Structures are given as C-alpha cells and as structure tokens.
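K.L.:
Before I ask anything, here is the structure I am working with.
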C-alpha cells in the first residue's frame, strides 16, 4: 500500500524582478516507492504545478509556505 501525503502551498511568482502573482495550490503526493519520500521532488512538483497554471517557468515560482494537511 502506498502512502499519500496532502499538502497546501502558498506561493508567489517573480518575473522580471517584480512579483506578479500570488496564489495557492494543493498537491496529493505519493512517492513512487514506499519509504522513498523526497522533499526536493515534492517542492519541484508544487513549483511546476504553479508554473503550469500561470504560464511561467518553474524557477520563477517561489514557495512562501508549505503545510502538510
């Protein structure tokens, strides 16, 4: 049985030296292998989701807070 972790993230997007978007997103994170929880992967998934929603690059998304639900 795989573990699922649920997260809420608050983020901001910086483009051209200016903050243009503030937002929130949620994520249901299930590691590929049991016991293989990777915080870096989790953060990358959240940043990519926010970037996709706003049409920007992942590196332009800054996570301000992350909470496990």
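K.L.:
For the subset of segment 3-26 comprising residues that are farther than 19 Å from residue 60 by Cα and under 15 Å from the mean Cα position of the chain (by Cα), which member is modelled with the lowest pLDDT?
P.N.:
Restricting to residues being farther than 19 Å from residue 60 by Cα and under 15 Å from the mean Cα position of the chain (by Cα), the top hit is 5.
K.L.:
Among the numbered criteria (1) in contact with a strand residue (DSSP E or B) (Cβ under 9 Å, 6 or more places away or on another chain); (2) modelled with pLDDT of 95 or more, which single criterion is violated by residue 52?
P.N.:
Result: residue 52 passes all but (1).
The values are calculated or read from the model by the stated rules, or taken from the named source; none is laboratory data. Quick caveat: nothing in here was measured; it's all calculated off a predicted structure. Using ideal geometry, Cβ is built from the backbone for each residue, glycine included, and neighbour counts are taken over all protein chains shown.
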